[in-house]
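Chemist: Questions regarding the structure given below will be posed in turn.
The values are calculated or read from the model by the stated rules, or taken from the named source; none is laboratory data. This is a predicted model, so every value here is computed, not measured. Cβ coordinates were reconstructed from backbone atoms using ideal geometry, including for glycine residues, and neighbour counts include every protein chain displayed.
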There are 2 protein chains.
Amino acid sequence: MALRTLSAKNAQKLDEELMSSGAFSIDQLMELAGLSVSQAVFKLQPLEKGKRILVACGPGNNGGDGLVAARHLWHYGYEPTIYYPKQSKNELYQRLKKQLEDLDVPFTDDFDAAVGAADHIVDAIFGFSFSGEVREPFPKVIQALRDTKVPVLAVDAPSSWDIENGPPSDGPGKGFQPPALISLTAPKPLVKHFKGRHFVGGRFMNKTIAEKYSLDVPKYEGLDQIAEVSVEGQKL
Amino acid sequence: MALRTLSAKNAQKLDEELMSSGAFSIDQLMELAGLSVSQAVFKLQPLEKGKRILVACGPGNNGGDGLVAARHLWHYGYEPTIYYPKQSKNELYQRLKKQLEDLDVPFTDDFDAAVGAADHIVDAIFGFSFSGEVREPFPKVIQALRDTKVPVLAVDAPSSWDIENGPPSDGPGKGFQPPALISLTAPKPLVKHFKGRHFVGGRFMNKTIAEKYSLDVPKYEGLDQIAEVSVEGQKL
């Protein structure tokens, strides 16, 4: 059975539906999404393999998921550092940032130095609403993500990838193929081009929404908020 | 080392502080609290021991934690049923209820019948803001919780217990001693009188708040949102 994908347009619609008729608040959904991301990091990078997690956050929801994930990682015993160069004025993001400051989680402006000091990186720069061009200061950030040997977990999409068509044929993301990806709610079409380990997270989908958008609910185990799925063949 | 307790007054203050200077929203805190409750149920009542969980929800935040827990339990594969006779008009609770309805989780008015059909019960009726008298329709509900042989997990307090002084000396809760308790954020003074298994949940406390309120952050393991603590001697 194929694990079906969700187009960028439908991902947007599904989110809006969860927050209107589904009655979820964005705080709730982002908390659960960020929790999923933190669990994928825990699986990929056990504490004993190195605790220094660099979380690269973009200006939108993908960055918000990264901020939540960093908070949970701190509670698990990791040492997260945040790169968040384009901070949203939105009250929710400001609050998520404050929650990290209260844990003394450092924010850095020097991405290259932070990569050099990291054991693992979370790419929470762009998510399913990305399209078009990579704007400043992110081109060199994406190049660094592409070129580093530090393992990268991408959230929803390797940043700069086209949501439908996958890796860009030129620009800073050309050749960016991170070793791991977590798809939130459902995989986007780009996963057909993805070659690493693949997780699905966001254990809040109901059957009505899954049916309406022709999605599969992955087989989560126990209390896990994530499920690892194979990429080849997209089987569960 | 003793696991220190948090008075009802300070529990209220701490919650307010988390939501003001701590920058948490109630949606976030309730999501994490309810998630903790669901993890305690998972530990106490593995799926193979019986999936039918009756969640008794009161009119306030304790009931909200129960509603969130029930949703997570559904996602784990349990079959929750909700008893929620005094429904808050508050928009948050209405939304949490809608999220359960969308999963086809049943709501019942017949508590006695629901107890008879349950494998495990969550007592989310009254929390740390309870004091004074048990109002209708809860006296007979608390009697049923006291008298049933179905195991009960109490959230923050066995309902009807005085937060400082523990079990009431008369009324419906006289003699109510459930087999399990989950204390959210920190144990309340009543735990000195509690004889069952004891969990602490709510993995979001920062050091500043822990120090300010003279609390211990329990030793959570791995991804767990709960930690089991001994009751005798209150040791971690």
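Chemist: So which pairs qualify, if the first residue must be in the stretch A:126-146 and touching a residue at least 24 places away in the same chain (Cβ under 8 Å), the second must be among the aromatic types (Phe, Trp, Tyr) and part of a loop (DSSP other than H, G, I, E, B), the Cβ gap must be under 7 Å, and the two must be at least 6 apart or on different chains?
Modeler: A:142/A:176; A:145/A:176; A:146/A:176
Chemist: Could you list all residues from the stretch A:11-24 that are surrounded by fewer than 20 Cβ atoms within 10 Å (Cβ to Cβ) and either over 16 Å from the mean Cα position of the chain (by Cα) or within 8 Å of another protein chain (Cβ to nearest Cβ) (or both)? Don't jump to the end; show me each part of the working.
Modeler: Kept after step one, since they are surrounded by fewer than 20 Cβ atoms within 10 Å (Cβ to Cβ), are these residues of the stretch A:11-24: A:12-13, A:15-17, A:19-21, A:23.
A:13, A:16, A:17, A:19, A:20, A:21, A:23, listed by residue number.
Chemist: Looking only at residues in the stretch A:47-64 that are crowded, with 24+ Cβ neighbours inside 10 Å and within 27 Å of residue B:202 (Cβ to Cβ), which one is nearest to the other protein chains (Cβ to nearest Cβ)? Steps first, answer last, please.
Modeler: Taking the stretch A:47-64 and keeping what is crowded, with 24+ Cβ neighbours inside 10 Å, we get A:53-58, A:61-64.
Now narrow it down to the ones that are within 27 Å of residue B:202 (Cβ to Cβ): A:53, A:55, A:57, A:61-64.
On the way: A:53: 15, A:55: 17, A:57: 16, A:61: 15, A:62: 18, A:63: 16, A:64: 12 Å.
Once the filter is applied, the top-ranked residue is A:64.
Chemist: Please enumerate the residues belonging to the stretch B:176-233 that are of a type in the set (Lys, Arg), closer than 15 Å to residue B:155 by Cα and either buried (at least 19 other Cβ atoms within 10 Å of the Cβ) or in contact (Cβ under 8 Å) with a residue 60 or more places away in the chain (or both). Full working, then the answer.
Modeler: From the stretch B:176-233, those of a type in the set (Lys, Arg) are B:188, B:192, B:195, B:197, B:203, B:207, B:212, B:219; that's our starting set.
With closer than 15 Å to residue B:155 by Cα added as a condition, the list becomes B:188, B:195, B:197.
Passing the criteria: B:188, B:197.
Chemist: Can I ask one more? Just the residues that are part of a loop (DSSP other than H, G, I, E, B) and farther than 15 Å from residue B:151 by Cβ, please, taken from the stretch B:1-46. Break it down stepwise before answering.
Modeler: Keep residues of the stretch B:1-46 that are part of a loop (DSSP other than H, G, I, E, B), which gives B:1, B:3-7, B:20-25, B:45-46.
Hits for the stretch B:1-46 are B:1, B:3, B:4, B:5, B:6, B:7, B:20, B:21, B:22, B:23, B:24, B:25.
Chemist: So if I check each of A:210, A:117, which one is within 28 Å of residue A:88 (Cβ to Cβ) and over 18 Å from the mean Cα position of the chain (by Cα)? Don't jump to the end; show me each part of the working.
Modeler: Details: A:210 fails: within 28 Å of residue A:88 (Cβ to Cβ).
Unique residue meeting the criteria: A:117.
To keep it simple, each residue is scored yes or no on (1) at pLDDT 95 or above; (2) touching a strand residue (DSSP E or B) at 6+ places or on another chain (Cβ under 9 Å); (3) surrounded by fewer than 19 Cβ atoms within 10 Å (Cβ to Cβ); (4) over 23 Å from residue A:38 (Cα atoms).
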position	(1), (2), (3), (4)
A:106	yes, yes, yes, no
A:112	yes, no, yes, no
A:117	yes, yes, yes, no
A:122	yes, yes, no, no
A:127	yes, yes, no, no
A:131	no, yes, yes, yes
A:139	yes, no, yes, yes
A:142	yes, yes, no, no
A:145	yes, yes, no, no
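Chemist: Which residues, counting only those in the stretch A:89-111, are out of contact with any helix residue (DSSP H, G or I) (no Cβ under 6 Å at 6 or more places or on another chain) and away from chain B (no Cβ under 14 Å)?
Modeler: Selection gives A:89, A:106, A:107, A:109, A:110.
Chemist: Is there a residue being over 24 Å from residue A:149 (Cα atoms) and among the hydroxyl-bearing types (Ser, Thr, Tyr) anywhere in the stretch A:162-170?
Modeler: Taking the stretch A:162-170 and keeping what is over 24 Å from residue A:149 (Cα atoms), we get A:163-165.
Now restrict to residues that are among the hydroxyl-bearing types (Ser, Thr, Tyr): none.
No: the stretch A:162-170 contains no residue that is over 24 Å from residue A:149 (Cα atoms) and among the hydroxyl-bearing types (Ser, Thr, Tyr).
Chemist: I'd like to check something: does the stretch A:156-171 contain any residue that is more than 15 Å from residue A:60 (Cα to Cα), touching a helix residue (DSSP H, G or I) at 6+ places or on another chain (Cβ under 6 Å) and buried (at least 24 other Cβ atoms within 10 Å of the Cβ)?
Modeler: Checked against the condition, which is being more than 15 Å from residue A:60 (Cα to Cα), touching a helix residue (DSSP H, G or I) at 6+ places or on another chain (Cβ under 6 Å) and buried (at least 24 other Cβ atoms within 10 Å of the Cβ), the stretch A:156-171 yields at least one hit.
Chemist: Please verify whether residue A:78 is surrounded by 17 or more Cβ atoms within 10 Å (Cβ to Cβ), more than 27 Å from residue A:134 (Cβ to Cβ) and within 14 Å of chain B (Cβ to nearest Cβ), treating the condition exactly as stated.
Modeler: yes
Chemist: Can you tell me which residue among B:73, B:67 is out of contact with any Ser or Thr (no Cβ under 6 Å at 6 or more places or on another chain), under 26 Å from residue A:71 (Cα atoms) and within 12 Å of chain A (Cβ to nearest Cβ)?
Modeler: Details: B:73 fails: out of contact with any Ser or Thr (no Cβ under 6 Å at 6 or more places or on another chain).
Of B:73, B:67, the one residue that is out of contact with any Ser or Thr (no Cβ under 6 Å at 6 or more places or on another chain), under 26 Å from residue A:71 (Cα atoms) and within 12 Å of chain A (Cβ to nearest Cβ) is B:67.
Chemist: Checking the condition farther than 20 Å from residue A:182 by Cβ and either in contact (Cβ under 8 Å) with a residue 40 or more places away in the chain or within 16 Å of the chain's Cα centre (by Cα) (or both), which residue from A:92, A:73 passes?
Modeler: Values: A:73 fails: farther than 20 Å from residue A:182 by Cβ.
After ruling out the rest, the residue left standing is A:92.
Chemist: Scanning the stretch A:34-46 for residues that are more than 9 Å from chain B (Cβ to nearest Cβ) and over 15 Å from residue A:198 (Cα atoms), which turns out surrounded by the fewest Cβ atoms within 10 Å (Cβ to Cβ)?
Modeler: The qualifying residue surrounded by the fewest Cβ atoms within 10 Å (Cβ to Cβ) is A:46.
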